[in-house]
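Engineer: Quick one: the structure is below, and I'll ask about it shortly.
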Amino acid sequence: MTLRVLIADDQMMLRESFGILLNAQPDIEVVGEAVNGEEAVRQATELVPDVCLMDIRMPTLDGLEATRRIVERVPEVRIIILTTFDLDEYVYEALRVGASGFLLKDSSAHRLADAIRTVALGGALLAPTVTRRLIEEFARMGAPRAPRRDRVADLTGRETEVLCLIAQGLSNAEIAAGLVIAEQTVKTHVGRILVKLGLRDRTQAAVFAYEAGLVVAGGLSCRDHEGGTRGGPGPAVRGT
């Protein structure tokens with residue numbers, strides 16, 4: 001399967017460089033380029049690519065608002081935020097509105113291609129610094145959002161546990177090993193979690209867990225339905 005990619009960035013040199021690197025991949029094709037957020041929204045709606053590489057700072061319409069609009073209009077499009085700084089405050093808001101992860105603009109061709117494949121398959125794309133900052137941000141925000149907390153009641157106890165482990169950065173294989181269940185069973189749980197909560201992918205599942213207060217800062221413990229906690233390992237970068 002060939003993955004179709006849209007590149008949105010106001011720097012022509014970067015668009016051309018990424019285009020050359022990605023078109024050299026046997027399973028990736030660049031189907032469009034946008035110089036601002038408005039063009040990105042229009043092309044994403046018309047072309048419906050598998051993945052959109054989105055710069056945050058663009059004229060006319062910034063990447064944050066463009067991401068929000070694309071997620072609303074064509075939710076099947078996965079969005080990777082392009083940024084110069086991994087601690088860019090806009091990255092966290094972009095993840096909240098629907099981006100599947102972020103990449104630094106100086107990432108290697110191998111890293112860029114792998115990132116596209118990862119998010120196209122529904123995987124998460126979060127660096128450790130971003131994961132930690134997300135936790136800190138939600139801790140700073142205070143109490144969990146009640147509507148999100150209420151939606152956790154739709155999950156079974158095991159699904160809640162798997163959701164917490166997703167938020168802590170574990171892969172399906174690591175979750176399976178930790179819970180002593182088959183990896184295919186974990187995949188089934190992940191699929192049900194996304195459907196029940198109406199989420200796009202693992203990144204959104206992680207954001208949901210933080211906002212619902214299931215994962216808390218510091219010890220990264222996981223709160224269950226009754227308000228107890230289960231300890232868990234710290235965050236890491238994981239794709240599937």
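The values are calculated or read from the model by the stated rules, or taken from the named source; none is laboratory data. Note that the structure is predicted; figures quoted are calculated from it, not measured. Quick reminder, even Gly has a Cβ in these numbers, built from the backbone with ideal geometry, and neighbours come from all protein chains shown. What goes into the accessible areas is simple: the full protein's heavy atoms, side chains included, and nothing from ligands, DNA or RNA. Shrake-Rupley method; radii C 1.70, N 1.55, O 1.52, S 1.80 Å.
Engineer: Identify all residues within segment 158-182 that are assigned to a helix (DSSP H, G or I) and over 15 Å from residue 212 (Cβ atoms); write none if there are none.
Structural biologist: 158, 172, 173, 174, 175, 176, 177, 178, 179
Engineer: Is it the case that segment 175-186 has a residue that's open to solvent by 50 Å² or more (accessible area, probe 1.4 Å) and at pLDDT below 85?
Structural biologist: no
Engineer: Kindly evaluate residue 78 against the criterion of being open to solvent by 10 Å² or more (accessible area, probe 1.4 Å), among the basic types (Lys, Arg), within 15 Å of residue 119 (Cβ to Cβ) and in contact (Cβ under 8 Å) with a residue 24 or more places away in the chain.
Structural biologist: Yes.
Engineer: Looking at 91, 97, can you tell me which residue is over 25 Å from residue 23 (Cα atoms), modelled with pLDDT under 80 and among the hydrophobic types (A, V, I, L, M, F, W, C)?
Structural biologist: Values: 97 fails: modelled with pLDDT under 80.
None of the other options fit; the residue is 91.
Engineer: Kindly evaluate residue 59 against the criterion of being surrounded by fewer than 23 Cβ atoms within 10 Å (Cβ to Cβ), in contact (Cβ under 8 Å) with a residue 60 or more places away in the chain and in a loop (DSSP other than H, G, I, E, B).
Structural biologist: So residue 59 does not fit the description; no.
Engineer: How many residues are at pLDDT 90 or above and open to solvent by less than 10 Å² (accessible area, probe 1.4 Å) when one looks only at segment 156-165?
Structural biologist: 4
Engineer: Can you run down the residue pairs with Cβ atoms below 6 Å, 6 or more apart or on separate chains, where the first is in segment 16-45 and in contact (Cβ under 8 Å) with a residue 40 or more places away in the chain and closer than 16 Å to residue 3 by Cβ and the partner is among the aliphatic types (A, V, I, L, M) and in a helix (DSSP H, G or I)?
Structural biologist: So the pair list comes out as 21/109; 25/113; 28/22.
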